[in-house]
Amino acid sequence: MTKFVETSNLPFCPGCGHRVAVINTEKALERIGLNPLDVILVTDIGCHGIVDKNFHTHTIHGLHGRSPALAAGVAAALRNPDKKVIVYMGDGGATIGLQHLVEAAHRNFNMTVFVLNNMLYGMTGGQGSGLTPKCYKTMTYPEGHPQAGYDLVELIHAARAPYARRLVGRGDYSDIVEEALKINGFALLEIVEVCPSYGLKFNRGKRLDYFLEVSGIEEKLLIHENRQPFTLSERETAPLLSEKLAIEVEFNSDFKGTKRIVASGSAGEGVQSAGEIFATAAITSGLHATKKGAYPVTVGVGFSTAEVIVSDSEILYTGIVVPDVAIITSVDGLGHSLSRIQKMTEDGILIIDDSLDVPETRAKVIRHPFRKETGGRTAALRALAFYNSKVERLFPEEALLQTLRRSKLAGKVKENVLKFD
Amino acid sequence: MNVKSSLTLLDGSRLIVESFVKSGADIFIGYPITPTNWIYSYSQKRFPMMLAAPDEITTLQWMAGWSAAGYLPVTATSFPGFALMVESINMAYMMELPMVITLAQRLGPSTGTATAGAQGDLLLINGLISGGYPIPTFSPSNMKDCWELPNLALRTAVELRTPVILLTSKEMVMTKFTVDLGDLKELPRVTRKFYDGDEPFHPYKPGPNLVPDFLPVGNDRWQVRFTASTHNQDGIIQHTSPEAMENTKRLQSKLYRNLDSFLRFEFDETPGADTLLVSYGITALAAREATHRLRSMGYRISLLIVKTLLPVAPFFYRIFEHYRRIVVAEENLNGEYKEILFGKNPGTNVVGVNGIGKMISPDDIVEGVIEND
Ligand SMILES: Cc1ncc(C[n+]2csc(CCOP(=O)(O)OP(=O)(O)O)c2C)c(N)n1
Ligand code: SF4
């Protein structure tokens, strides 16, 4: 009995190149002197993939083209140079899963990939792959492929693999399999072989060398020296929740009810941090608050809207269909909140920078030169402070000042932004 | 006055990530996508290990590799990334590899609106596994759930040897809420248990609760085989042998057998009520508010918030029996959970409160209930 693979009943058609590849793998593994349980074989979908039942190693049989990624996960997780992660995939798998090969080569996961390149899809009936040579007849191109397939070894080398090699798989090539298996880091060995059931049948009378020659495919070995294999170690990290986040309740508020506030300005004008400072100040005053932001995906340009809800009781629904208060500090902000401003009723309050045209609304309108007084970058914060100081007092002015002092804006934003005579 | 408080202003993403780490998740593997950006960046800071994958198929495959090697990986994505993961989640389901996938819903179809919330992916999850088998799916309905359900999701993944979905939405993970840290209970740590028996190991031999024992690949004691193809108890590919068919059916029956261990819901019952409001996820917040309002208006109404969405608990139908009218509120066009619970043509006593492009509001639900009274 052979140690790694039961070779007496391999599941391939007579003469299949996969058989030769498996026998060479067995020989190489025996010579290296590993134990079967030191080896994890990851097979792709394809004729080669049904061989895992013959292996006495650990085996994983995954999806078409994905085996290098699955194997990379295993290799990265094991972090054990004494364990050998091996991939068997076809040229079909290498085509659909090329990205995984490139990534694994680039990250230099500790694994050896054997691409059993029989120049077509065996399992599905002989269609051409991305590696099929020029003039080779497949089900896809019964007259022969119009151009040569791409050079996988060159591609993987370009992705900085320590080892990428192609050989034409005839006879005993176990020394080269052994060489690939011994690489510390990522190694890819492309083994060019023939599928008798489709390849030979479609291309009778033509020799393999002919196709390799017209395609410019040759045996080659490409190396990147001195690459460190991928490693990942566990690290200590600080909890995301700690007393440091706690907001002390230092102030008192007589406010009863719920206010839904929309503050709209421009990107880069501190709208989001203003909203967060306002919400935090409400909490320091014993109230509940929620805050969310809306902005275009390109966060550095266009509108920026902060939605803040302040309430004396728990806030469940966090949406704002019609705001109680709209605070507008720029043209971008006005554009974004216009439809909601138009829905506001007599009960609503619109606080708007006096540089802007007042839109049609039933809300009570208050104009103020926020931008002129302290500049665009602090307009939103100033407008929110103005609302609390001059329009409706939700919590003490001191709460906002205190929150600003403890925020990341402390020292960057002058405190007079929050002050009104 | 100076009250020592543990009140904070924080978002669901922070709670979810901290909960995963506290609960024992080993590694976050992911590819960035809105609205999971905060989950990604918190994970980058907080996880003991983090791997940035080059795409979502790789993400799931790497996770499967880590899981096969005995670790507990998690990721987060939204529809476009989730769509790429579908085949690989099926693989992990078939191989019985524990992992958790957080899906933060955004407005579709396709790329849709990345920064608008939605609850539009539940039917996809319901049909995710080829063959129609359920995949355990949890949906946090508030910040407390964002803390507790990741723990339950991990525990379910490990105890039932299965991938698990944590289904949330933009408005849950990118809104800051007032959260009292004192309300967040200690989370029991989830650890993976490995077979230590002296009998040869069979990777798919059902245990007493139908879940097979686990051993990582690479171990020095027993050969381990994982396969995504139809297989027998040893993980050897079979066409449709009786043993293999039993194994495939077990993938579903193990979930129902153990459903009690991971079934979570809130039932706020009003005796004598003949209307039941059902909701989940982000809309559960509006549903709670609407229920308070309706009750203060004199309506008698019960509220069922479902947190274990899939598999659907047969027990729910015992609750439904008692109601003349059932209103299902969710943020999608046609009522996805409504369809899962009651079919495409549920009759006039089941109605949906639905909408897209904005959160379902308490007003919408109040109106929906009154209109159909
Ligand atoms: C995603 C996906 N697409 C298509 C298939 C169908 N399929 C199975 S094997 C195969 C091609 C196999 O060819 P190759 O990788 O070259 O392996 P070989 O059979 O030649 O050994 C294909 C396309 C699949 N299994 N999965
Ligand atoms: S079909 Fe071709 S590749 Fe597949 S086993 Fe037969 S000879 Fe080998």
Any idea how far apart A:Leu232 and B:His239 come out in nm if each label point goes 7 Å out from Cα toward Cβ?
4.1 nm
Using just the C-alpha positions of the protein assembly as shown as equal point scatterers, what log10 of I(q)/I(0) does the Debye formula give at each q in 0.05, 0.06, 0.08 1/Å?
-0.33, -0.46, -0.76
Cα→Cβ-extended label distance, 7 Å offset, between B:Asp180 and A:Leu245, nm
1.6 nm
Cα gyration tensor, the range B:84-175 - rounded (a/c under 1.5), prolate or oblate
oblate
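Kindly identify the range A:50-96 as rounded, prolate or oblate by the Cα gyration tensor criterion: order the square roots of the eigenvalues as a ≥ b ≥ c, call it rounded if a/c is under 1.5, otherwise compare a/b with b/c, prolate if a/b is larger, else oblate. Mind dumping the intermediate values first?
Numbers: a/c = 2.41, a/b = 1.30, b/c = 1.86.
It comes out oblate by the Cα gyration axes.
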0 to 90° range, to nearest 10: angle between helix B:242-257 axis and chain B longest Cα axis:
40 degrees
Would you mind pulling out the separation of the Cα centroids of the range B:102-125 and the range B:127-149, in Å?
14 Å
Based on the alpha-carbon gyration tensor of the range A:244-418, what equivalent-ellipsoid semi-axes (square roots of 5 times the eigenvalues) come out, in whole Å, largest first?
23, 19, 15
So how strong a dipole does the range A:146-251 carry about its Cα centre when Lys and Arg Cβ are +1 and Asp and Glu Cβ are -1, to the nearest 20 debye?
700 debye
Go through A:Lys83/B:Lys185; A:Lys137/B:Lys249; A:Lys292/A:Lys390; A:Lys256/A:Lys292 and tell me which ones have a Cα-Cα distance over 31 Å in this structure.
A:Lys83/B:Lys185; A:Lys137/B:Lys249
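Averaged across the residues of A:286-294, what count of C-beta atoms belonging to other chains lies within 10 Å of each residue's C-beta?
Working: counts 4, 2, 4, 5, 7, 6, 8, 4, 3.
Average per residue, whole number: 5.
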Average beta-carbon neighbours from other chains, 10 Å sphere, peptide B:64-75
5
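Determine, from the Cβ-Cβ distance of A:Ser355 and A:Leu401 and an R0 of 30 Å, the FRET efficiency 1/(1 + (r/R0)^6), rounded to the nearest 0.05.
Values: r = 26 Å, r/R0 = 0.87.
Step by step, r from the Cβ atoms, then E = 0.70.
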Out of every Cα pair in the range B:7-183, what percent are spaced more than 28 Å from each other?
13 percent
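List A:Glu314, A:Glu398 from most exposed to least, where exposure is judged by having the fewest other Cβ atoms within 10 Å. All intermediate terms of the calculation are to be shown ahead of the outcome.
Numbers: A:Glu314 11, A:Glu398 14.
Listed from fewest to most nearby Cβ atoms, that is A:Glu314, A:Glu398.
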Fewest-first ordering of A:Lys408, A:Lys419 by Cβ atoms within 10 Å yields A:Lys408, A:Lys419
May I ask for the net charge around A:Lys134, where only other residues with Cβ less than 15 Å from the Cβ of A:Lys134 are counted and Lys, Arg are +1 while Asp, Glu are -1?
-3
Restricting things to alpha carbons, find the Rg to Rh ratio for the range B:264-371 using the Kirkwood radius for Rh.
0.92
Hey, how many Å between the Cα centroid of the range B:214-234 and the Cα centroid of the range A:281-302?
50 Å
One finds the C-alpha centres of the range A:94-171 and the range B:1-77 to be spaced, in Å, by 35 Å
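Would you mind giving the mean number of other chain beta-carbons within 10 Å of the Cβ of each residue in B:212-223, as a whole number? Don't jump to the answer; show the numbers that get you there.
Values: counts 0, 0, 0, 1, 5, 14, 15, 3, 4, 1, 2, 7.
That average works out to 4.
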For chain B, what log10 I(q)/I(0) values come out of the Debye formula at q = 0.07, 0.09, 0.11 1/Å, with one point per alpha carbon and no solvent?
-0.31, -0.52, -0.76
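Are there GluC sites (Glu not before Pro) in the range A:165-201 that DSSP puts in a loop and that have at most 12 other Cβ atoms within 10 Å, and which ones? Let's see the in-between values first.
Details: sites: A:Glu178, A:Glu179, A:Glu190, A:Glu193; in loops: A:Glu193.
For GluC sites (Glu not before Pro) across the range A:165-201 that sit outside H, G, I, E and B with at most 12 neighbouring Cβ atoms in 10 Å, the list is empty.
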Using a basic spin-label model with each label point 7 Å from the Cα along Cα→Cβ, how many nm lie between B:Lys344 and A:Cys13?
4.3 nm
Calculated FRET efficiency for the pair A:Tyr210/A:Gln342, C-beta based, R₀ 60 Å, to 0.05
0.20
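Looking at the P(r) of the range A:292-378, how many percent of alpha-carbon pairs lie beyond 16 Å? Write down the numbers at each step before the final one.
Numbers: 2115 of 3741 pairs.
Everything past 16 Å amounts to 57 percent.
Ranked by Cβ crowding within 10 angstrom, fewest neighbours first, how are B:Trp62, B:Trp38, B:Trp222 ordered?
On the way: B:Trp62 32, B:Trp38 19, B:Trp222 15.
By the 10 Å Cβ count, ascending: B:Trp222, B:Trp38, B:Trp62.
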Among all the lysines, which ones have a C-alpha under 18 Å from B:Lys45's C-alpha, if same-chain residues fewer than 8 places away are not counted?
A:Lys244, B:Lys22
Taking the Cα atoms only, what angle lies between the long axis of helix A:98-107 and the longest principal axis of chain A, rounded to 10 degrees?
80 degrees
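Read-outs: derived from the displayed coordinates by stated rules, not from any lab. A quick note: this is a predicted structure, and the numbers were derived from the prediction, not measured. Glycine gets a Cβ as well: all are built from the backbone with ideal geometry, and neighbour counts include every protein chain shown.
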